[in-house]
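Working notes for the structure below.
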């Protein structure tokens with residue numbers, strides 16, 4: 001089953017990790033390294049089964065390849081997951097270090113980063129065992145990527161507004177944010193400062209109370225927010241919140257995700273959104289700000305260059321949405337946009353290999 005799924009999605013490596021001392025169960029999936037070493041977050045999650053964990057890491061790592069390509073980064077795509085028993089299982093230094101050792105064994109082919117269930121402290125624990133990790137505060141460089149991801153998400157919203165022929169301001173718009181953890185909170189912070197009205201929900205009551213108190217947000221029942229009446233729907237929790245069953249019930253003009261894999265079936269659901277008149281900002285482009293920040297630090301980009309790239313998400317999203325008119329959906333347009341760069345990278349690899357072989361045979 002693993003080989004079949006990896007082959008179907010085009011993965012280069014899938015590594016299962018087990019540490020007997022800590023009980024760590026992890027999977028590292030490296031999708032594509034055509035454009036460079038593969039960067040992707042490490043997620044801690046209480047999966048219901050091994051099959052669910054594998055499906056998640058394969059989907060997420062594939063998306064990272066296209067995200068890096070669409071962001072014009074010299075990086076490939078990967079992801080790792082740590083399978084925990086329950087959502088309230090505490091993160092430990094021992095498990096983080098064990099995961100760091102597994103990452104280190106790959107010798108830089110995979111660069112780990114922060115994701116759901118992993119904070120900057122966990123990353124710094126990993127960093128005591130490997131230099132191939134980003135997003136810590138005391139040992140690994142980068143810090144929390146959420147503010148940069150949030151800035152990119154808002155820029156994506158602006159691109160969608162321009163595509164619709166509207167001003168690229170959030171003032172007066174109603175934005176529904178599903179999940180107000182680190183990412184969702186920062187989206188709310190930017191939007192509120194610009195005069196947007198916020199509808200919010202989260203599985204943690206304290207998070208909702210915070211954005212209600214700080215930004216005057218209106219709390220909404222978790223089951224209702226996806227279908228709430230709003231200008232922009234911004235899912236910032238886990239994926240697969242939009243599918244064929246609820247597309248027709250959406251009451252937003254723009255779907256601008258902060259979460260990964262927000263569509264259950266990107267090919268089918270994006271086409272359905274297109275047909276329903278909902279403007280969809282493809283998630284792997286829209287939430288690329290955090291990746292840009294971490295990859296930029298790894299590659300040595302200046303602060304000015306990093307900021308320019310994140311702000312440019314507005315232009316990229318508008319370009320993709322304009323292209324979607326002829327390609328049938330925003331997802332199809334985004335994939336074409338990313339694959340064009342990956343294909344160019346493969347041509348360059350073959351050209352370099354040919355030149356090396358020719359030089360060696362002379």
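The values are calculated or read from the model by the stated rules, or taken from the named source; none is laboratory data. Here the structure is a predicted model, which is why all the values come from computation and not from measurement. Backbone-built Cβ (ideal geometry, glycine too); neighbour counts: all protein chains shown.
Details
- Filter pass, residue 111 being assigned to a helix (DSSP H, G or I), closer than 21 Å to residue 289 by Cα and not assigned by TED's automatic domain parsing to the domain that holds residue 195: no
- In the range 259-308, the residues that are farther than 17 Å from residue 327 by Cβ and touching a strand residue (DSSP E or B) at 6+ places or on another chain (Cβ under 6 Å): 259, 262, 294, 295, 297
- Candidates 248, 270: the one that is assigned by TED's automatic domain parsing to the domain that holds residue 188, within 23 Å of residue 165 (Cα to Cα) and in a helix (DSSP H, G or I) is 270.
- Count of the range 185-219 residues which are within 26 Å of residue 55 (Cα to Cα) and either surrounded by 22 or more Cβ atoms within 10 Å (Cβ to Cβ) or in contact (Cβ under 8 Å) with a residue 60 or more places away in the chain (or both): 1
- The set of residues in the range 141-168 that are more than 20 Å from the chain's Cα centre (by Cα) and outside any helix (DSSP H, G or I) comprises 164, 165, 166, 167, 168.
- Residues satisfying the stated conditions in the range 3-41, i.e. touching a strand residue (DSSP E or B) at 6+ places or on another chain (Cβ under 8 Å) and in a helix (DSSP H, G or I): 6, 9
- Selected residue [closer than 27 Å to residue 268 by Cβ, outside the structural domain of residue 52 (by TED's automatic domain parsing), in contact (Cβ under 8 Å) with a residue 12 or more places away in the chain and in contact with a strand residue (DSSP E or B) (Cβ under 8 Å, 6 or more places away or on another chain)] from 152, 172, 156, 222: 222
- Residue check, residue 228 over 25 Å from residue 339 (Cα atoms), surrounded by 18 or more Cβ atoms within 10 Å (Cβ to Cβ) and in contact (Cβ under 8 Å) with a residue 40 or more places away in the chain: yes
- Unmet requirement for residue 258, which otherwise passes all of (1) within 22 Å of the chain's Cα centre (by Cα); (2) at pLDDT 95 or above; (3) farther than 23 Å from residue 62 by Cα; (4) assigned to a loop (DSSP other than H, G, I, E, B): (3)
- Residue that is nearest to the chain's Cα centre (by Cα) [pool: residues in the range 79-100 that are over 20 Å from residue 31 (Cα atoms) and assigned to a helix (DSSP H, G or I)]: 96
- Selection count where residues are surrounded by 18 or more Cβ atoms within 10 Å (Cβ to Cβ), at pLDDT 95 or above and in a loop (DSSP other than H, G, I, E, B), scope the range 44-72: 1
- Residue 286 at pLDDT below 95, surrounded by 22 or more Cβ atoms within 10 Å (Cβ to Cβ) and either over 18 Å from residue 168 (Cβ atoms) or outside the structural domain of residue 41 (by TED's automatic domain parsing) (or both): no
- Unique residue being modelled with pLDDT under 95 and surrounded by 23 or more Cβ atoms within 10 Å (Cβ to Cβ) when the list is 76, 41, 10: 41
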